[in-house]
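Nothing in this text is a laboratory measurement; each read-out follows from the coordinates by a stated rule. Here the structure is a predicted model, which is why all the values come from computation and not from measurement. We place every Cβ from the backbone using ideal geometry, glycine too, and count neighbours over all the protein chains shown.
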Amino acid sequence: MTHNDIIAAIEAYADPSLQESWDNTGWQTTPMGSSDECSGVMLCLDVTPAVVEEAMAQGCNLIVSHHPLIFKGLRTITGATQAERAVILAIRHGIAVYSSHTALDSAPAGVSRELGSLLGLTDMRPLVPDRHDPSAGLGIISSPAGGTISPDSLIEAVKRVYGAPKVRVTSGPEGLCEIHHVALSSGSGGEFIMTAIAAGAEAYISSDIRYHDFLDHGRDILIIDTGHFESEICTKSIFSRIISQKFPNFAVHTATCEHNPVTYV
């Protein structure tokens, strides 16, 4: 099995052409070449020095992450930042790194649809469809199982499914008792609040919502902010399923050192 074999399975699921123009989905490091034999793959949300060290300990020479290791660009590689230290460790120890970020977000069975399935949502379709593939796109608009759900029940379901000890919410429209349509976006999705409202959603689930978005739209739609880590940690399960279904006997490891950098008190 080569690195290219593993990544071909991921790219068949999440085509890199689906990534946003500002993104850096794809190979981050290939110190031994992308055609090198793969000894094992480590899956993570973020590539940190601790994740690289865990890959080394497990004998993995490939890391697959959701967030790109190299995102804003590196002017120097001196070890001054966590990203620089991770790059140095990966290259020094011959570990290739591949990231599927907004390509996985926009895939027809991408991150938002995964979260929607876990929440039991039905009739899911992209909230922001891709221009070339209407089955792909960012976020989803959907219906609760059974047709409707109460705001309190939806909030509790989100906390349970996302593993979020707390969420930030708005009051929503006055008199909102039943929710018929739910919009959802993994990651930072504040920019799609108006899109969710226009699509007829009474509730919108995302993360990194700004104060002024709560202020401006909190009475138009029930906003549920889960936290960024909680909304995307499921990507490790998606990667694991893709690889394990294609290569049932291949060594797939999930990083255990990852923890939410945000602590709720």
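Data for the structure
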read-out	value
Filtered chymotrypsin sites (Phe, Trp or Tyr not before Pro), region 214-265: DSSP coil and at most 12 other beta carbons within 10 Å	Tyr264
Antiparallel DSSP beta bridges within the chain, percent to nearest 5	45
Region 184-225: C-alpha pair distances exceeding 10 Å, %	66
Debye equation applied to the C-alpha atoms of the chain, log10 I(q)/I(0) at 0.09, 0.16 Å⁻¹	-0.42, -1.16
About the Cα centre, charge dipole magnitude for region 137-185 (Lys/Arg +1, Asp/Glu -1 at Cβ), debye	280
Set of aspartates and glutamates with alpha-carbon distance to Lys72 below 15 Å, sequence-local pairs under 8 removed	Glu20, Asp23, Asp46, Glu84
Summed side-chain charge close to Leu138 - residues other than Leu138 whose Cβ falls under 10 Å, Lys, Arg +1, Asp, Glu -1	-4
Cα-projected label distance for Ala198 with Leu215, points at 7 Å along beta-carbon direction, nm	2.4
Virtual spin-label span in nm between Trp22 and Thr81, 7 Å along Cα→Cβ	1.6
Lysines with Cα under 16 Å of Lys166, excluding same-chain neighbours fewer than 8 positions away	none
Reachable lysines from Lys246, criterion Cα separation under 16 angstrom, eight or more residues apart if same chain	Lys236
Segment Ser39-Ala251, length gained on full extension (0.36 nm per residue, minus Cα span)	75.5 nm
In order through region 166-176: 3J(HN,Hα) via Karplus (6.51 cos²θ - 1.76 cosθ + 1.60), integer Hz, x for Gly, Pro	9, 9, 9, 9, 9, 6, x, x, 4, x, 5
Estimated FRET transfer efficiency (Ser244, Ser135; beta-carbon r; R0 41 Å; 0.05)	0.95
Volume in Å³ per residue [convex hull over Cα atoms, computed for region 1-48]	105
Amide H partners (placed H, <5 Å) of Thr29, local residues excluded	Val97
Given charges at Cβ of Lys, Arg, Asp, Glu: region 130-244 dipole, positive-most of Ile221, Gly146, Pro173	Gly146
Assigned charges on the beta-carbon of Lys, Arg, Asp, Glu; the chain dipole about Cα centre (debye)	400
Distance cut-off 25 Å, percentage of C-alpha pairs in region 1-150 lying past it	37
Most to least packed among 155-163, 69-77 [average Cβ atoms within 10 Å]	155-163, 69-77
